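The values are calculated or read from the model by the stated rules, or taken from the named source; none is laboratory data. Everything numeric in this text was worked out from a predicted model, so none of it was measured. Cβ placement follows ideal geometry from the backbone for every residue including glycine, while neighbour counts extend to all protein chains displayed. Accessible surface is based on the protein model in full, side chains and every heavy atom, while ligands, DNA and RNA are left aside. Shrake-Rupley method; radii C 1.70, N 1.55, O 1.52, S 1.80 Å.
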Amino acid sequence: EDQVTQSPEALRLQEGESSSLNCSYTVSGLRGLFWYRQDPGKGPEFLFTLYSAGEEKEKERLKATLTKKESFLHITAPKPEDSATYLCAVTGSTLGRLYFGRGTQLTVWP
Amino acid sequence: DAGITQSPRHKVTETGTPVTLRCHQTENHRYMYWYRQDPGHGLRLIHYSYGVKDTDKGEVSDGYSVSRSKTEDFLLTLESATSSQTSVYFCATGGDGNEKLFFGSGTQLSVL
């Protein structure tokens with residue numbers, strides 16, 4: 001069964017303290033891995049798509065990487081405005097089926 | 001923001017009553033999705049559509065039905081609402097089934 005597991009469930013960082021979020025997946029025929037950000041009371045907002053092992057994407061303080069079994073979202077020198085829940089999702093052999101992990105709730109305090 | 005509108009934004013209903021949630025998009029996306037989000041469970045797929053009148057079940061489809069008669073509209077119906085269907089419901093759209101999704105703002109549904 002396709003599955004996505006994110007860790008940790010919650011992470012508290014001081015402003016400027018870099019860290020990484022993990023997304024491990026088991027899916028047959030990975031087509032794509034996606035990272036989203038979700039703020040309270042809003043729908044998820046797309047951040048990155050990764051398609052093959054070794055691929056990396058960057059946006060401001062965020063960098064996403066992909067291996068054959070997991071993805072990392074690295075946050076460099078985070079700011080309080082980076083506080084949000086970060087969701088990982090994958091698509092496998094069934095086109096259109098997107099499986100989400102439960103998310104990592106990130107809090108960055110000044 | 002992508003043109004996705006969910007209605008209503010909030011609804012309170014009683015157990016046993018029918019409820020319909022509407023998702024309207026202006027992006028002409030082929031794929032449309034209904035997810036529910038609950039604490040401790042994350043986003044779970046209810047149903048999705050890959051074209052007009054083409055739909056398929058997700059992982060938590062029991063008690064829900066959907067219809068898509070036009071590209072821009074995707075309806076989610078709870079035939080007889082139960083308290084376990086109290087949740088936040090999100091609609092999402094995508095172009096080809098393997099690209100980023102755009103999400104609506106969500107519908108908070110409370111079944112008393």
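Spatially close Lys pairs in chain A, defined by Cα atoms under 27 Å apart and a spacing of eight or more places or different chains, total 11.
The Rg/Rh ratio for the protein assembly as shown, using Cα coordinates for both the radius of gyration and the Kirkwood hydrodynamic radius, is 0.98.
Of the trypsin sites (Lys or Arg not before Pro) found in region A:30-110, those in coil by DSSP whose Cβ has at most 13 other Cβ atoms within 10 Å are A:68, A:69.
Run the accessible area of chain B with a 1.4 Å probe and give the carbon-and-sulfur part as a rounded percent. So the carbon and sulfur contribution to the accessible surface is 46 percent. Once the chain from residue A:68 to residue A:45 is taken as fully extended at 0.36 nm per residue, the excess over their C-alpha distance is 5.8 nm. At q = 0.20, 0.21, 0.24 Å⁻¹ the log10 of I(q)/I(0) for chain A amounts to -1.00, -1.10, -1.38, computed by Debye summation with a single uniform scatterer per C-alpha, solvent ignored. Size descriptors for chain B, from the alpha-carbon set: Rg then Dmax equal 13.0, 38 Å. Annotation for residue A:57 and residue B:41: the two label points, set 7 Å from Cα along the Cα-Cβ direction, are 2.8 nm apart. Using a 1.4 angstrom probe on protein heavy atoms only, the contact between B and A buries about 1700 square angstrom of accessible area, both sides summed.
Report the gain in length on full extension from residue B:53 to residue B:77: 0.36 nm times residue separation, minus Cα-Cα distance, nm rounded to one decimal. Please list the in-between numbers first.
Numbers: separation 24, 0.36 × 24 = 8.64 nm, distance 1.50 nm.
That works out to 7.1 nm of additional length.
Of all beta bridges DSSP finds with both residues in chain B, what is the antiparallel percent, to the nearest 5?
Details: 38 of 42 bridges.
If I count the DSSP bridges inside chain B, around 90 percent turn out antiparallel.
Think of a 1.4 Å ball rolled over the protein heavy atoms: region A:1-68 then has 56 Å² of accessible area per residue. Buried on complex formation within region A:41-80 (loss of at least 40 square angstrom of accessible surface versus the isolated chain, 1.4 Å probe, ligands and nucleic acids ignored): A:44, A:46.
What is the sum of charges around residue A:22, taking Lys and Arg as +1, Asp and Glu as -1, for the other residues whose C-beta is under 13 Å from the C-beta of residue A:22?
Net local charge, residue A:22 excluded: 0.
Within region A:50-108, the GluC sites (Glu not before Pro) that combine a DSSP coil assignment with at most 15 other C-beta atoms in a 10 angstrom radius are A:55, A:60.
Ignoring ligands, DNA and RNA, what accessible area per residue does chain B give at 1.4 Å, in Å²?
Working: 5110 Å² over 112 residues.
I get 46 Å² per residue for chain B.
Region A:1-105: which chymotrypsin sites (Phe, Trp or Tyr not before Pro) are DSSP loop and have at most 15 other beta-carbon atoms within 10 angstrom? In loop regions of region A:1-105 (DSSP not H, G, I, E or B), the sparsely surrounded chymotrypsin sites (Phe, Trp or Tyr not before Pro) are A:51. Across chain A, the relative contact order, built from alpha-carbon pairs under 8 Å that are at least six residues apart, equals 37 percent.
With contacts defined as alpha carbon pairs under 8 Å and 6 or more residues apart, what's the relative contact order of chain B in percent?
On the way: 296 pairs, mean separation 40.1, N = 112.
Across chain B, relative contact order equals 36 percent.
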